[in-house]
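For reference, the structure discussed in these notes is given below.
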Amino acid sequence: DESDFPGPRTMRAAANWVEHHAPHHERFLLFVDEFDPHEPFDTPLPWAGRYDPDWQGERIVWPPYSTRTVERGLLSEREARHVRANYGAKLSMIDHWLGKVLDAIDASDLWRDTAVIVCTDHGHFLGEKDIFGKPRVIQYEPLGHTPLMIAWPGREKGATDALTTSVDLHATLADLFGIEPAQGAPGTHGRSLVPLLEGRATSVREWALGGVWGQWVQVNDGRRKY
């Protein structure tokens, strides 16, 4: 059943905690580590086949980790479209269940004093430059330009082109809870996004460092990548 899949189970547990436990805490930090959408791109009905109803063969739920994928015949053009459709189905299923968490936040009126952060660790190639998965290639935009959405109490909706990186979330949470990271502790080079979120700054960093699989290291200043 759909509710037995790990993604829906995780989101249901998170929504349950928000509904039944959050109201009893003056302050709380809820971290939800949701694995999907991730391969295998398997979904139950009504999601299965939603974006590729004409597919006749066995569903392809494990895309290869490869370059020159269609060129070398590892996937045909038709199979590549099918893989993307299955990814879309899983994405839609998880989006639906994330809505349950947002509904619980609505019901408890937590938006007025609670920051909500939605982010991810990396993207996934689904045929861009004929690449699939996360092979050892340069960190192009589909893999390295990850989404970040933050609801901040008292802040109107909008967008910013300020450069951020994932380690900034650690610094932001430490700032929010009034915690000073240990001096000299490894990995504490994040910059708090609180000034940006409160409208007191238009940027928090001049460059960001990224890498994947220990192969490529990338420096980005928001305009150029090296």
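The values are calculated or read from the model by the stated rules, or taken from the named source; none is laboratory data. Because the structure is a prediction, the values reported are computed rather than measured. Ligands, DNA and RNA are excluded from the accessible area calculation, which covers all protein heavy atoms including side chains. Shrake-Rupley method; radii C 1.70, N 1.55, O 1.52, S 1.80 Å.
Applying 0.36 nm per residue to the separation of Thr146 and Trp111 and subtracting their alpha-carbon distance, the gain on full extension is 10.2 nm.
Which residue fluctuates the most in the chain, going by a Gaussian network model with Cα springs under 10 Å, if the choices are His20, His38, His170? With Cα springs under 10 Å in the chain, the top fluctuation among His20, His38, His170 is at His20.
Between the helical axis of 167-176 and the longest alpha-carbon principal axis of the chain there is an angle of about 30 degrees. Under 25 Å Cα to Cα from Lys134, which lysines show up? Leave out anything in the same chain fewer than 8 places away. Partners within reach: Lys90, Lys225.
Calculated [222 nm] ellipticity per residue, helices only, for the chain: -9000 deg cm²/dmol; basis is -39500 (n - 2.57) per DSSP H run with n ≥ 4, divided by all residues, nearest 500. Accessible surface for the stretch 69-216, divided over its residues, is 60 Å² per residue with a 1.4 Å probe. Using 0.36 nm per residue and subtracting the Cα-Cα separation, the extra length available between Ala182 and Lys134 on full extension is 13.9 nm.
Take Ile150: with every protein chain present and a 1.4 Å probe, its accessible area is about 50 Å². Rg and Dmax of the stretch 94-173, both derived from C-alpha coordinates alone, stand at 15.9, 46 Å. Each residue of the stretch 73-79 is assigned a 3J(HN,Hα), and the resulting list reads x, 5, 9, 7, 4, 5, 5 Hz, derived from the Karplus form 6.51 cos²θ - 1.76 cosθ + 1.60 (θ = phi - 60°), x at Gly and Pro. Length gained on full extension, Ser166 to His24, computed as 0.36 nm times the residue gap minus the Cα-Cα distance: 48.1 nm. Expressed as a whole percent, the accessible surface of the chain that belongs to carbon and sulfur atoms is 53, based on a 1.4 Å probe.
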